[in-house]
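Novice: Following this message is one structure expressed as structure tokens.
Nothing in this text is a laboratory measurement; each read-out follows from the coordinates by a stated rule. Given the structure is predicted, the values throughout are model-derived calculations rather than measurements. Virtual Cβ from ideal backbone geometry, glycine too; neighbours counted across all protein chains shown.
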Amino acid sequence: MTVFSLSRSIARDWHSRSHIIPITVASAVAVGAMALVVYLLWPTWGTESSNIPQRLPVSIGGTLFNVPPASVRMKIQRHSGPQERIDLAFAFPSLAPPDSARHVSADTVEEALQPIDRIFLSIAAHHDSLAPDMRVRTIYPRYLDQASTPGQDGLTMRAFRDNTPYGNEDLFFSNTPSLMARCSRDAATPGMCLSERRIDGADLTFRFPRSWLSQWREVSNAMDRLTLQLHRPK
């Protein structure tokens, strides 16, 4: 009788432990899963261990540029490696990457119409098209007025004739420092200027407000600085 009772006691203990083991294992798995979720969701912004690089090496037309990620205007272009084109923006005159783009709403539309404080830059592979300086020497003269007008602080202007591909635009140029910019005239929207240059397999097109020509020397210097920051000659 004693042996039978002892056997029943042992059976009960084994049966009880057989339930505890899977419960313990399940609890350990749940704790591990919770720890993993907490680790994955833990905020990492504001820490020094950010994996975002300060510069992206981008190859355009076989030419290497080191680009600040925050200056890239379109997310789809925000990656390293070969690209056909990349569009950038920089605050002027600091040339730092601008703050995040502001969304325009009914409450912020007046703020959105404030003067532009950025210089825009597009870099694209030229595929052996006509170089910007050759276009200035061989194409533009066909459409320019013969007369030139002295501009501010040594800048010279020549207007494009009406009913030409560049009607309602003017060409501004200077040799010291070097500047060549084609600018639309102010109308319903403020006039904008573009200035182009070529580096190996890529063409750089800078865009800025025409009103900045009042400080054209600073603008010219800014474009030179940006070019050097993005592409340092070997």
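Novice: How big is the Rg/Rh ratio for the range 56-230, C-alpha atoms only, Rh by Kirkwood, two decimals?
Specialist: 0.98
Novice: Ranked by Cβ crowding within 10 angstrom, fewest neighbours first, how are Ile119, Ile199 ordered? Could the numbers behind the result be given before it?
Specialist: Details: Ile119 23, Ile199 18.
The order, fewest Cβ neighbours first, is Ile199, Ile119.
Novice: Let me check I've understood the local charge: for Asp133, count other residues with C-beta under 14 angstrom from its C-beta, Lys and Arg +1, Asp and Glu -1. What total comes out? Numbers along the way, then the final one.
Specialist: Numbers: positive: Arg135, Arg137, Arg182, Arg197, Arg198; negative: Glu196, Asp203.
Neighbour charge sum, excluding Asp133 itself: +3.
Novice: Within a Cβ distance under 14 Å of Ser94, other residues only, what is the Lys/Arg minus Asp/Glu net charge?
Specialist: So the environment of Ser94 carries a net charge of -1.
Novice: Oh, and also: Can you list the residues, at least 5 places off or on another chain, whose amide H is less than 5 Å from the amide H of Gly191, using H built in the peptide plane?
Specialist: The answer is Asp186, Arg210.
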